[in-house]
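Please treat every number below as a calculation from the coordinates, not as lab data. Please read all numbers here as calculations on a predicted model, not as lab measurements. A quick note on method: Cβ atoms are made from the backbone with ideal geometry, for glycine too, and the neighbour counts reach across all protein chains shown.
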Amino acid sequence: MIDLHCHTRESDGTDTPHALVELAAASGISTLSITDHDTFAGYDATVAHAAGLGVELICGVELSCRHEEKTVHLLGYFPGPAGAPAAFRDWVAGILASRTERNRKLIEKLNGMGIDITLEEVQAIGGSVTGRPHFANVLVAKGHATDRNDAFRRLIGEEGAAFVERIGPTLAEAASRIQESGGVSSLAHPVRIGYFREPEKELALMAELRESGLSAVEVYHSDHTAALSERYLEFAQLLGLLQTGGSDYHGGNKPGLRLGAVPVPNSVLEGLRSVGF
Ligand code: AMP
Ligand code: FE
Ligand code: FE
Ligand code: ZN
């Protein structure tokens, strides 16, 4: 089995990187990529351990990028045991710093609304990356929201009263950085871009991004119906792009979604092998 999209507690999952690779081995996954948001900490901490368990661990990351007025996720995969090169890691560290700045502003806004919450409290429950899911958990635990959805809807989500926008790279910029760094970028869960009712817009975006260095499309994902996966496979083949796929497992932060839950065909790995993985 193959799973090229999952998260550990270094970003917004709940498993430690160590527990995740052990779960992968126990689940019969032979090739895994940890794609935490904005950090390689999980990969770095487990690359040796995974090898010992017979799990091939591919260095990966998921970046939140700007495209028009939307936030679109882009996956990056890097071949070889060292994974992403130092210059790319430095660039990602800059993205992480802008996230910390956003988090400070988010705390200020929440405090301004009379909500008692500190950055230290939120950072304490996260790993290398502190994201809004951690804010949601603290808001619920302190009784400021009834559940995580309520926290996003009323407070920290795009329509929420305390929402703070985070300035990330554009999709084109991120795709070209990944390509320059010897990696493969993949347009994550394309259904979530919101153009799924207008397939021609999806295809046009993929074609446009290919010019910036996009290498792949995430065809197989837990948010995709079989019909959508078929559509994205067709688009990828039409444009000569590689395919990737995975569950987007987040542990307890996405209850009911198992690691390896999304079948990913071997052809995905064969495609990656053909470009040096
Ligand atoms: P951040 O990168 O810190 O801005 O947080 C983004 C993450 O928050 C996304 O990857 C989702 O996991 C989660 N998220 C965003 N919007 C919502 C929502 N409305 N409900 C639940 N989770 C959300
Ligand atoms: Fe996530
Ligand atoms: Fe994502
Ligand atoms: Zn993800």
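A few comments on the model shown:
- In degrees, nearest ten, helix 41-53 long axis to first principal axis of the chain (Cα): 50 degrees
- Count of lysine pairs in the chain with Cα separation under 30 Å (8 or more residues apart, or interchain): 10
- Computed over the stretch 94-156: relative contact order in percent, which uses C-alpha pairs under 8 Å that are six or more apart: 26 percent
- Prolate/oblate/rounded label for the chain (Cα gyration tensor, a/c 1.5): prolate
- Ellipticity at 222 nm from helices only: DSSP H runs of n ≥ 4 in the chain, each -39500 (n - 2.57), divided by the residue count, give -12500 deg cm²/dmol.
- Taking 0.36 nm per residue of separation and subtracting the Cα-Cα distance, full extension of the segment from residue 180 to residue 226 would add 13.3 nm.
- Among the trypsin sites (Lys or Arg not before Pro) in the stretch 88-194, those located in a DSSP loop and surrounded by at most 13 other Cβ atoms within 10 Å of their own Cβ are 142.
- Close amide H contacts of residue 244 (hydrogens built in the peptide plane, cut-off under 5 Å, sequence separation of 5 or more or a different chain): 217, 218, 219, 220.
- Length-normalised contact order for the chain - Cα pairs under 8 Å, 6+ apart - percent: 22 percent
- Euclidean distance of C-alpha centroids, the stretch 30-108 and the stretch 125-174, integer Å: 19 Å
- The stretch 213-221 - phi-based ³J(HN,Hα) in whole Hz, Karplus 6.51/-1.76/1.60, Gly and Pro as x: x, 4, 10, 8, 10, 7, 7, 9, 7
- The stretch 1-89: GluC sites (Glu not before Pro) in DSSP coil with no more than 16 other Cβ atoms inside 10 Å: 68, 69
- The angle between the Cα long axis of helix 199-212 and the main principal axis of the chain comes to about 80°, on a 0 to 90 degree scale.
- R0 of 22 Å, Cβ-Cβ distance residue 118-residue 90: FRET efficiency to nearest 0.05: 0.15
- For the stretch 94-156: span of alpha carbons on each principal axis (Å, largest first): 33, 22, 19
- Low-density loop cleavage sites - GluC sites (Glu not before Pro) in the stretch 111-178, where at most 12 other Cβ are within 10 Å (DSSP): 158, 159, 165
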